[in-house]
Structures are given as structure tokens and as C-alpha cells.
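Read-outs: derived from the displayed coordinates by stated rules, not from any lab. Here the structure is a predicted model, which is why all the values come from computation and not from measurement. Glycine also receives a Cβ, built like all others from the backbone with ideal geometry; neighbour counts cover every protein chain displayed.
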Amino acid sequence: MRKLIFSLLFFSLIGANGQTLKKCAVRDLKDPKYGVKYSPYFAKKSEVFLKNGANTIFEEKLLRIPIVVHIIHNNSSGTIGGKENGNISDEQVFSQIKVLNEDYRRQFGTLGYNTSPVGSDMNIEFFLANFDPDGKPSSGINRIYSPKASFDVFKDNFNLSNLSYWDSNRYLNIWVTSLKDDFLGYAEFPTGEYDGLELDETDEKIDGVMIDHHAFGKKIGTANNGVYTDGRTLTHEIGHWLGGLIHTWGDDYCGDDFCNDTPPTESANLTTICVPKYSNCKGQKTLNMIENFMDYTVDSCMNIFTQDQKNRTRAILEISKRRKRLLTFAEFNLPQTEQLVVKVLENPSSTDNIQFQVLLNAFGDFDYQIFDNFGRKILSESYTDTPSRLIQISKNSLGKGIYHLKVKSGNEMIFKKLISL
Ligand SMILES: [Zn+2]
């Protein structure tokens with residue numbers, strides 16, 4: 001079976017009206033080197049996967065994604081914001097995060113809202129990371145000067161990462177810079193085998209999204225002119241990065257995007273205006289869903305992720321190790337520490353629960369045990385491949401008294417006294 005080692009990128013096309021359209025595409029899927037093997041085997045497997053309800057813990061839960069924005073600019077004066085300044089303002093960054101949340105939550109009253117019967121609230125939110133990989137408070141925005149004026153999406157991913165990078169097991173890295181050759185962006189896919197995709201583990205240092213600052217943010221700063229200034233480039237790219245979503249036309253003539261509720265589509269919508277487009281796949285005329293975020297439509301036409309796209313995303317999050325780690329990290333949003341630390345919060349607790357944080361120095365394994373004064377084990381639990389996390393224990397499961405907590409991770413062990421009143 002051929003492996004898929006491709007990433008997504010934007011390239012420029014000259015539209016019929018002579019206007020330059022910048023679009024997103026996968027590398028030529030017919031190229032055996034990068035080809036996606038769409039096989040019945042994968043289709044069947046996916047059906048079973050979904051029917052079995054293997055898409056479990058992330059299925060309906062609100063997912064929150066911590067973002068770090070690396071602004072890689074060529075402005076040696078250090079000035080922030082202003083005309084054609086790649087060292088874009090914080091406000092430009094904030095406007096982009098806002099668009100992501102409108103689109104991934106189908107927020108009423110915004111451009112991300114739709115009334116489509118197959119439209120879904122992806123139930124995913126994004127936030128700028130509030131501490132860095134060392135646990136220090138952070139704005140989630142890094143500004144790095146580089147003497148290099150622009151970057152090549154094919155050759156420079158490691159160069160960008162070497163300038164600024166946070167652990168992609170915990171953060172979505174977004175490199176905002178000037179991209180060469182009119183490219184707008186580039187995203188890595190999640191890894192795992194699923195529905196037409198058989199994805200090798202990518203190097204974690206380049207796992208993220210590259211985006212040109214002119215298409216980053218909404219009608220502000222350097223993203224203030226043209227058809228890609230509603231922030232949808234990033235919505236689209238994150239569709240690939242997070243859920244392994246495929247373009248609506250399946251990157252082939254009437255190709256498969258493995259979502260039944262996106263109509264069959266001959267090809268990308270390459271118009272600059274939002275007018276109905278039709279396909280004739282398998283002898284049947286259908287209306288294209290040009291509003292779909294995974295089409296090539298310009299920003300102003302887009303407002304739909306479908307229910308199947310949501311299902312696909314949720315299913316992929318179950319099998320992609322790095323994405324799953326990131327979501328677990330985000331759920332607790334606790335820093336790493338150099339060595340094992342156990343913090344009991346409020347002891348005795350004034351609520352119905354006893355809570356303690358277990359802080360680890362990386363994703364790892366630990367277990368805890370709780371003993372009563374007679375040395376009897378009352379509770380125990382173990383965790384594997386977990387980031388630092390919060391544990392909550394109902395007081396009812398312990399009863400009143402003094403207890404002894406033992407937390408063990410590798411060869412480190414910590415004891416704490418718990419008071420349950
Ligand atoms: Zn794309």
C-alpha cells in the first residue's frame with residue numbers, strides 16, 4: 001500500500017477574468033509518489049469504525065485547541081503593525097482566532113453561521129496558549145525577526161520551525177510569514193489510517209500550519225485587501241490539519257471526500273463570486289456546496305462544515321496519536337514540570353470533591369493509590385501516555401477521615417495526606 005506523505009498547500013491560479021486566485025490543493029494525487037490510495041478496504045473499514053461507535057470520548061465533547069502563533073517577519077526596526085508590515089499586530093492575530101471560533105461553532109449572527117440541514121457545529125474552539133512549553137505565562141504570540149524575506153512552502157518548513165517552535169504534542173503551531181510564489185498556506189495532516197488516507201507519522205517539528213500574513217486575520221492590518229481577507233484560509237487549513245478533511249471534490253474529477261452529505265462535485269469552485277455551480281457526476285446533476293469550507297471558494301462564500309465532516313474529524317482524532325495528545329493536554333491545560341509534582345487543591349476541600357494535580361515532565365504514565373489509616377487500599381487508578389492532569393475524587397467514595405495518597409510515575413514517588421470532611 002502506498003503511503004501518503006503529502007501536505008496541503010495553496011497555489012496561485014489565473015482565473016478566467018484575469019484575476020489571480022490563490023487556492024489550496026493537495027499535491028497531484030495521481031503522482032504515485034504522493035498518491036492517495038482510495039481503496040474499498042479503507043471505505044469499509046471506516047464504515048465499521050463509525051457504526052461501532054469507536055468515535056467515543058471526543059464525539060460530542062467541546063474540544064479546545066491551544067494555538068501558538070509564530071510571527072516570522074523581516075522588519076529589523078521591530079515596529080509592530082502598519083501597512084505591509086509582516087510583523088503584524090496582536091489585533092490582527094485576535095481577529096483570526098475570532099473567525100476560527102465563529103466558523104467551528106457555527107456562531108449565530110456571524111459569517112460562520114448557516115441554516116443548512118446538513119450544517120454542523122463542529123464544537124471546537126481555539127485559544128491562544130496562556131503558557132509556554134516551560135510553563136511560563138505567555139500571550140501565545142512569538143515575534144521573530146529573520147533576515148530571510150520570504151519562505152518556500154516546499155523547502156522551508158524546517159527553517160521556519162528552527163526559528164520558533166513549540167511542542168506539537170501540546171500546541172497547534174501556526175507560522176505566519178511571507179510565503180514565496182503567491183502561496184497562501186500549507187498544513188500537515190494528522191497521522192493514522194482512515195478513509196482513503198494512510199498517513200505516515202510526520203516530523204513533529206513541522207506539524208502545524210504555515211500561512212501568509214496577507215490571508216491571516218479579518219479585514220485588518222495586512223489582511224485587508226482582496227478575496228482572502230475573511231480569515232477562511234486558516235479555517236480551511238485547520239480542517240485538513242485537525243480532521244484530515246479532504247476537499248469537497250476529492251481532489252479528482254467527481255472524486256470522493258468520504259463524506260456522504262457533501263454533494264458529488266466535479267472540481268474546485270474557482271470563481272471569485274458566490275454563484276450556484278452544478279456538477280454532473282454519474283449522470284446526475286447536483287448543486288455544488290460552494291459554501292463548504294473545504295471547497296476552493298473565496299472567503300465570503302464559505303460557512304459550512306457538514307455533519308459527516310464533523311464525524312470524520314472526531315473519528316480521526318481517536319486514531320491520530322499526536323492530535324489526541326494535544327486535546328488531552330488542552331483539556332487540563334496544565335504545565336509540565338521538571339520532575340513529578342503533586343498538588344492537592346484545598347485540603348480539606350470545601351466542595352464535594354477532593355482534587356489534586358499530577359504534574360509530569362512529559363507525556364507519561366502514572367498511577368495513584370489512596371489508603372486509609374489502617375493501610376487499606378481504598379482507591380486506585382492508572383493513566384498512560386498522559387500530560388499533566390487534574391484528578392477529582394468524590395468525597396462520597398472515600399467517606400470522612402484522613403487518607404494517604406501515593407502517586408507513582410516511573411521511579412518517582414510522592415506521598416500526600418488527604419483530609420476528607
Ligand atoms: Zn485544502
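When each of the peptides 254-264, 360-370, 388-398 is scored by how many other beta carbons lie within 10 Å of its residues on average, the order from highest to lowest is 254-264, 360-370, 388-398.
Once fully extended, how much extra length lies between Glu204 and Asp182, figured as 0.36 nm per residue of separation less the alpha-carbon to alpha-carbon distance?
On the way: separation 22, 0.36 × 22 = 7.92 nm, distance 2.59 nm.
That pair, Glu204 and Asp182, stretches by 5.3 nm at full extension.
If you plug the beta carbon distance of Glu346 and Glu125 into 1/(1 + (r/R0)^6) with R0 = 22 Å, you get a FRET efficiency near 0.20. Think of the chain as a dipole: +1 on every Lys or Arg Cβ, -1 on every Asp or Glu Cβ, centred on the Cα centre; then among Leu172, Met210, Asn157, Leu172 lies furthest on the positive end.
Which of rounded, prolate, oblate describes the range 99-253, given a ≥ b ≥ c as roots of the alpha-carbon gyration tensor eigenvalues and a/c under 1.5 marking rounded, otherwise prolate only if a/b is larger than b/c?
On the way: a/c = 1.35, a/b = 1.22, b/c = 1.11.
Rounded, since a/c falls under 1.5.
Spacing of the modelled spin labels on Asp90 and Asn361, each 7 Å from Cα toward Cβ, amounts to 3.3 nm. Please build a GNM for the chain, connecting alpha carbons under 10 Å apart, and tell me which residue among Ser382, Ser178, Ser164 fluctuates the most. Taking springs between Cα atoms under 10 Å, the residue moving most is Ser382.
Taken about its Cα centre, the chain carries a charge dipole of about 740 debye when Lys and Arg each add +1 at the Cβ and Asp and Glu each add -1 at the Cβ. Taking label points 7 Å from Cα along the Cα-to-Cβ direction, Leu390 and Asn411 give a separation of 3.4 nm.
Is the range 264-319 best put as rounded, prolate or oblate by its Cα gyration tensor, with a ≥ b ≥ c the root eigenvalues, rounded for a/c under 1.5, and otherwise prolate when a/b is larger than b/c, oblate when not? Please report the intermediate quantities before stating the final value.
Numbers: a/c = 2.79, a/b = 1.44, b/c = 1.93.
Oblate shape, in that a/c is at least 1.5 and b/c is the bigger or equal ratio.
Helix-derived [θ] at 222 nm for the chain: sum -39500 (n - 2.57) over DSSP H runs of at least 4, divide by residue count, nearest 500?
Numbers: 6 runs with 71 residues, N = 421.
Per the formula, -5000 deg cm²/dmol.
Roughly how many Å is it from the Cα centre of the range 334-398 to that of the range 57-136, as a whole number? Result: 32 Å between the Cα centres. Take every pair of alpha-carbon atoms less than 8 Å apart whose residues are at least six positions apart; their mean separation over the length of the chain yields a relative contact order of 15 percent.
Rounded, prolate or oblate, given the Cα gyration tensor of the range 166-279, with a/c below 1.5 counting as rounded? Could you put the intermediate results ahead of the total?
On the way: a/c = 2.35, a/b = 1.06, b/c = 2.23.
The shape class here is oblate.
From the C-alpha gyration tensor of the chain, pull out the three semi-axes of the equivalent ellipsoid (sqrt of 5λ each), sorted largest to smallest, in whole Å.
On the way: eigenvalues 343, 138, 74 Å².
Square roots of five times the eigenvalues give 41, 26, 19 Å.
Can you find, among Val341, Val69, Ser320, the residue farthest towards the positive end of the dipole of the chain? Put +1 on the C-beta of Lys and Arg, -1 on that of Asp and Glu. The residue sitting most towards the positive pole is Val341. On the beta carbon distance between Ile144 and Leu287, with R0 = 35 Å, the FRET formula returns roughly 0.15.
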